[in-house]
Each structure stands twice: as structure tokens, then as C-alpha cells.
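My questions will all concern the structure given below.
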């Protein structure tokens, strides 16, 4: 049973003066507060902003290890909640505290639930954020999978490829763009597909600091053309500086041929595939004696 202070218990009957408050703690340690009350509230050193248009759905909670949660919807009208920050993933993985507060006396409050921000869906003027209960952590994979592809990300502590090496990194200025998903750079000297599945990082302009996955890279006589996996919320501008990090498809042949890093490959490339599982013995095949298929 959730403990409730005598001060709050006395206000739960008759005409109430209660509202909801949400405190977000971002992954960088920053905190933000919002409330569905019509005026700002402050407690625990956090200012909970009104007028953000937030509207919570019913929260689900079950016993045991069932993953509960709910949603909160809002209009993109608050100065603290911007479409660019949502697109950049600033709120992904942020922890959320949901409070029931008496706006007449904020000391009369109770913590209703704690969760994390999951999927965030956007429309033209609003967003809907999924709030997952903390039990969702128990549903996350721990340890390594036995899979043919590499489990590391290019340049991380397991991969160890130096992505600052000029062979795997390019910088250039945008010479043309459709403003959302496609852009051309003046960078040259890289083969077709070198940056496919890589990362584009904007250095200047309204998108400075934004990182986006690269869908395709085509070498041109006077530069290169890049297509992004997701559209950019703020318009890409000609002349902005951008940095590209090479892409990796997580295959052993790519790890060895492109990065000369097969010693750090974090996959199991010799696991038999579905073709072996579906095959059947016949007279034209080698003896199926249970030994290695690669010797």
C-alpha cells in the first residue's frame, strides 16, 4: 500500500484541489517539470510548468513482473518541449516521476509512479510519449547473443576502431539539399557506399549537434550525395559543416577488409544459417558427420 500523509489524506474527500505533476530527469542529469494545473508549481527545487498541454492516459499496473505503463500527450507549445529536441532524442530514456499534488499546498503530495520515456510519436502539432514502468528493465537482454553479425558498435570500447582516422571520417560543407533527407557535400575521395550505415553529425546551423543515421552514400565527380534514414525536423541549410563517420554492416568480411579489425570482431560468423537447417542429405553433398562445415 502506498503511504499517504495525513495532510494529503484530508484533501482526498469532498471538493479537491489536486493536479498531476511530472518530473523528467534526462540522461545528462538535467531536470524538467510539467503540470496539468493552470499555474506553475514548485517543489523539491523543480519548477513545474503549466500550459504545456500535457494530458495523461490511464496508467496500468499489475502484480509480479508484468510491464505496466501509460502515455502522456501534449501540444508542442511549451518553450521547454520543442520538436527539435524530440527529434534529436533528448528525452529518450529519461526517467519520469508522476506526482499527485494539492496545488493549494504542494507539501501535500504523493508519488504515484516512476517510469522511463519509451517510444515518442509526433504529429504536426503534438506528441505522444510512452511511459514504461521500471519493470521494463527486466525485459532487456543481458549478455551476448550467439549471432553471425558483430554485436559491437563501430568505434566503441569493444570494437576499438579509431573513428577519428581520416580513412573513416570525412568533413565537408553542404552544397545542395532538399532540406530534409538528402544532401550533397563537397567532400571527395571516398568510394561508393563507404559511409552507408554510418552517422552524419551536423556541426553548424540550427541542427548543430544532431546525429542521424546514413541510409546511402553515392560518390559524385565533385563530391558525394548522402541520404538519411529519417527526415530532419529543422531545415538543412546550404553551407553548413557536417561530419560523416564510416558505416559498418557488422559482417566479418567488412570488419577485415574495410577496417582491418577482425581481431575485435564480436560476432560468431561460422554459426550455420537457416539454409543449413532447411537442407537435407543427398548423394551430392559431403558426409554430414556433425563436424565443422568450414574445414
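The values are calculated or read from the model by the stated rules, or taken from the named source; none is laboratory data. Given the structure is predicted, the values throughout are model-derived calculations rather than measurements. For neighbour counting, all protein chains shown are included, and Cβ atoms are generated from backbone atoms with ideal geometry for every residue, glycine included.
Would you check which residues across the range 194-236 are in contact (Cβ under 8 Å) with a residue 40 or more places away in the chain and closer than 18 Å to residue 258 by Cα and list them?
194, 195, 196, 197, 198, 199, listed by residue number.
Note down all Cβ pairs under 6 Å where the first residue falls in the range 95-117 and is under 13 Å from residue 46 (Cβ atoms), the second is at pLDDT below 85 and surrounded by fewer than 18 Cβ atoms within 10 Å (Cβ to Cβ), and they're at least six residues apart or on different chains.
Final answer for the pair search is 97/114.
Right, another one. So which residues in the range 207-227 are assigned to a loop (DSSP other than H, G, I, E, B) and within 20 Å of the chain's Cα centre (by Cα), if there are any at all?
Within the range 207-227, 207, 208, 209, 210 qualify.
Now for a different question. Going by what's in this entry, would residue 171 be described as in a strand (DSSP E or B), more than 19 Å from residue 221 (Cβ to Cβ) and either at pLDDT below 90 or in contact with a strand residue (DSSP E or B) (Cβ under 9 Å, 6 or more places away or on another chain) (or both)?
Yes: the conditions hold for residue 171.
Ok, one more. Only one of these is in a loop (DSSP other than H, G, I, E, B), under 27 Å from residue 148 (Cα atoms) and either out of contact with any strand residue (DSSP E or B) (no Cβ under 7 Å at 6 or more places or on another chain) or at pLDDT 90 or above (or both): 275, 289. Name it.
The conditions single out 289.
Are any residues in the range 225-241 in contact with a strand residue (DSSP E or B) (Cβ under 8 Å, 6 or more places away or on another chain) and either surrounded by fewer than 17 Cβ atoms within 10 Å (Cβ to Cβ) or farther than 17 Å from residue 213 by Cβ (or both), and if so, which ones?
225, 227, 229, 230, 237, 238, 239, 240, 241
Separate question: Suppose the filter is at pLDDT below 90 and surrounded by 17 or more Cβ atoms within 10 Å (Cβ to Cβ); does residue 197 pass it?
Taking the combined requirement at face value, the residue does not satisfy it.
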